[in-house]
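A.B. asks: Following this message is one structure expressed as structure tokens.
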Amino acid sequence: KGSADHIRAATGAIDSAAIIANAKTTNDWPSYGLDYAETRFSKLDRINVDNVKQLGLQWSYSLGSDRGVEATPVVVDGIMYVTASWSVVHAVDTRTGKKLWTYDPGVDRSKGYRGCCDVVNRGVALYKGKVFVGAYDGRLVALDAATGKVVWEKDTVIDHGYSYTITGAPRVFNGKVVIGNGGAEYGARGYVTAYDAETGNQAWRWFTVPGDPSKPFEDASMEAAAKTWDPAGKWWVNGGGGTAWDSITFDPDLNMVYIGTGNGSPWARHLRSPAGGDNLYLGSIVALNADTGKYVWHYQETPGDNWDYTSTQPMILADLTIDGQPRKVVLHAPKNGFFFVIDRTNGKFISAKNFVEVNWATGYDANGRPIENPEARDPTKSFDSIPGPYGAHNWHPMSFNPQTGLVYLPAQGVPINLTGEKALTQNKMEPFKFGSTTGWNVGFTLNAVPPKNLPFGRLLAWDPVQQKEVWRAEYVAPWNGGTLTTAGNLVFQGTADGRFVAYNAKTGEKLWESPLGTGAVAAPATYMVDGVQYVSIAVGWGGVFGISQRATEKEAPGTVYTFAVGGKAPMPEFTKYQMGNLLTGIEYDPKDVPEGTAIYVAACATCHGVPGVDRGGNVKNLGYTSTENIAHLKDIVFKGPYRDKGMPDFTGKLTEADVVKIQAFIQGTADAIRPKK
Ligand code: PQQ
């Protein structure tokens, strides 16, 4: 076991029929969400409420990464495939916890800024002896599962003039591998593409929003969508958005694939489509024919998105009895804070209920349209957006346990104060415009004014039929991990404060926990090897919240932890977060601080946060780095030594005079917040 021949035989047998058959036993974890319905419900019960207290570490494996890790491991007959930051793939023998091979697609580390939300990857797909990974720079790569050698590689990016990335896990069915892209903070037009798994030849592509109306539309769904956009906004110049950067779910019986589409680009509708309109297919679930990629139906969760309310969050396909009728549904908790139950045969709205406090809408009418709060769209006023752009639920996968009837949902609140901009300059860098030096272009000012509402993170056990909360576990911070639920009546979740916790799925009683070093964001997986059940979780603090903020005092080395009943392996040593004291000793002219603020917001804030106020995540906060670093800032900003860690080269984007002003802002802010003696 673990030999190339064994791997070839085990992974070579994985096709759609095998993935469907595995759902009956769930001995393996062959695809991102475990089964095609992406329930993340394992039928394994050797680990259960009675013995979960005896779980111990079986082995840990270093991923050798120091940025976010978001992958759910895929495991077939004890062979695990998991990804780390920068789309690096690791094949691990779970019988020993040892490396089989690694593959680094060689993404240019100085181009990390071309994605909004950390250089993450959510995992691989496996099919007939090949491992598929989306590289951060937009390549889809097929690897030999036994050796890690490249079989084929395709560039999924239609135009490198735009900042397209891939962070999501590919999905594979009926010989096709499907992937979408990120980029809607930068001005991009969303699409998903299917490739032949064997050859890499393109099978179909579906755009999520219409292109330039002076050119022929790709298909009837684009022609229909264009009627819901105002051409005065010239949306196609800035792409329109709708990037499908995460959720793609397949129903083999209906032969439909469900795409979760992203936010508008720019976020601000008054700039994107001045006369209003729903702006199809932003913030939607769209069903496509799995063979042809042709549009079948859509349901738009956030018409005319204005708040970065993506519907890319992971979906679960379930069969429920609602009002006495059996219904085939999609369960979905997008960023906008409402839990949706949608008929997946035809896209008809069944119900929606807010699962956290929201202030942009009061509910949904019988036709499935939100009843909006008009203040939420007033571009002339600042608005505490609840949920904020981090979402009431982000990409962290939820799970559904048919035995309890409950969905286990990582919910959160990170309120942010937004003010709409008056005009949009397409793809142009501007002082004070958040991230504009690295290409962000959202049409909103993210105000430094602290919102009145407090952030929170919680695990919700949600009844999708009654549309109500059944139990909750409250956490110290937002940005907790994805969930797994099992026939052992358990729910597993990693937390932002660095713990791996098991709950009684029915009651929410906490039964077990283990430290994980740093905060966990990914979802765990469980599987059987030689008659023993294991639970594995890939850990590495990060993602869009974790870049600049954190809830542990530990560094973030990427690590896979595998637990079993009676496991006795020692925990790896956890490293304390290296955070300096509040910055002192930089000479500056206080007159430079206002301009320095504007440049900092435009160039540094997306990754480094607010100096001295945030405490740093997997990227350091500049208010707590050394005086030496800040004194030599220009040597770091221009062709600097940290480019191989993800620091952009700002040559041609900033001047040396700009850097002096940034230094003034960092030191000035540190001085302003320093407690007075
Ligand atoms: N990615 C994360 C993450 O991995 O932590 C969080 C987010 C993304 C978001 O909150 C986003 O809005 C988002 N948006 C896009 C986009 O608009 O194209 C892409 C991504 C991404 O690819 O990771 C994220």
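The values are calculated or read from the model by the stated rules, or taken from the named source; none is laboratory data. Keep in mind that this is a model prediction, so the values were computed, not measured. Please note: Cβ atoms are built from the backbone with ideal geometry, for glycine as well, and neighbour counts cover all protein chains shown. Keep in mind that these areas ignore ligands, DNA and RNA; they rest on the heavy atoms of the full protein, side chains included. Shrake-Rupley method; radii C 1.70, N 1.55, O 1.52, S 1.80 Å.
A.B. asks: If only one of 107, 120 is open to solvent by less than 50 Å² (accessible area, probe 1.4 Å), in a loop (DSSP other than H, G, I, E, B), without any contact (Cβ under 8 Å) to a residue 40 or more places away in the chain and within 14 Å of the ligand (Cβ to nearest atom), which one is it?
C.D. replies: Sole residue among the options that is open to solvent by less than 50 Å² (accessible area, probe 1.4 Å), in a loop (DSSP other than H, G, I, E, B), without any contact (Cβ under 8 Å) to a residue 40 or more places away in the chain and within 14 Å of the ligand (Cβ to nearest atom): 107.
A.B. asks: Now, a different point. Could you list all residues from the stretch 219-246 that are within 16 Å of the ligand (Cβ to nearest atom) and open to solvent by less than 10 Å² (accessible area, probe 1.4 Å)?
C.D. replies: If the condition is that a residue be within 16 Å of the ligand (Cβ to nearest atom) and open to solvent by less than 10 Å² (accessible area, probe 1.4 Å), then 235, 238, 239, 240, 241, 242, 243, 244, 246 are the ones that fit.
A.B. asks: Among the residues of the stretch 125-162, what is the count of those that are within 26 Å of residue 523 (Cα to Cα), out of contact with any helix residue (DSSP H, G or I) (no Cβ under 9 Å at 6 or more places or on another chain) and either away from the ligand (no atom under 16 Å from the Cβ) or open to solvent by 60 Å² or more (accessible area, probe 1.4 Å) (or both)?
C.D. replies: Number of matching residues: 5.
A.B. asks: Quick check: anything in the stretch 399-409 part of a loop (DSSP other than H, G, I, E, B) and within 16 Å of the ligand (Cβ to nearest atom)?
C.D. replies: For the stretch 399-409, residues part of a loop (DSSP other than H, G, I, E, B) and within 16 Å of the ligand (Cβ to nearest atom): absent.
A.B. asks: Condition test on residue 249, is it within 16 Å of the ligand (Cβ to nearest atom), of a type in the set (Ser, Thr, Tyr) and open to solvent by less than 20 Å² (accessible area, probe 1.4 Å)?
C.D. replies: When the stated conditions are applied, residue 249 does not pass them.
A.B. asks: Out of 658, 649, I need the residue that is of a type in the set (Asp, Glu), part of a helix (DSSP H, G or I) and either closer than 24 Å to residue 439 by Cβ or out of contact with any His (no Cβ under 8 Å at 6 or more places or on another chain) (or both). Which one?
C.D. replies: Answer to the check: 658.
A.B. asks: Pick from 291, 278: which is over 21 Å from residue 443 (Cα atoms), part of a loop (DSSP other than H, G, I, E, B) and open to solvent by 10 Å² or more (accessible area, probe 1.4 Å)?
C.D. replies: It is 291.
A.B. asks: Against the conditions (1) in contact with a Pro (Cβ under 7 Å, 6 or more places away or on another chain); (2) charged (D, E, K, R); (3) open to solvent by less than 30 Å² (accessible area, probe 1.4 Å), where does residue 67 fall short? Just the number, please.
C.D. replies: Of (1) in contact with a Pro (Cβ under 7 Å, 6 or more places away or on another chain); (2) charged (D, E, K, R); (3) open to solvent by less than 30 Å² (accessible area, probe 1.4 Å), only one is false for residue 67: (1).
A.B. asks: A follow-up question, please. Out of everything in the stretch 620-638 that is assigned to a loop (DSSP other than H, G, I, E, B) and out of contact with any Ser or Thr (no Cβ under 6 Å at 6 or more places or on another chain), what residue ends up being farthest from residue 581 (Cα to Cα)?
C.D. replies: Checked the stretch 620-638; the qualifying residue farthest from residue 581 (Cα to Cα) is 632.
A.B. asks: Can you tell which of 262, 200, 211, 187 is touching a strand residue (DSSP E or B) at 6+ places or on another chain (Cβ under 7 Å), more than 23 Å from residue 161 (Cα to Cα) and in a loop (DSSP other than H, G, I, E, B)?
C.D. replies: Result of the check over 262, 200, 211, 187: 200.
A.B. asks: Within the stretch 434-451, does at least one residue satisfy the condition of being modelled with pLDDT under 85, crowded, with 17+ Cβ neighbours inside 10 Å and outside any strand (DSSP E or B)?
C.D. replies: yes
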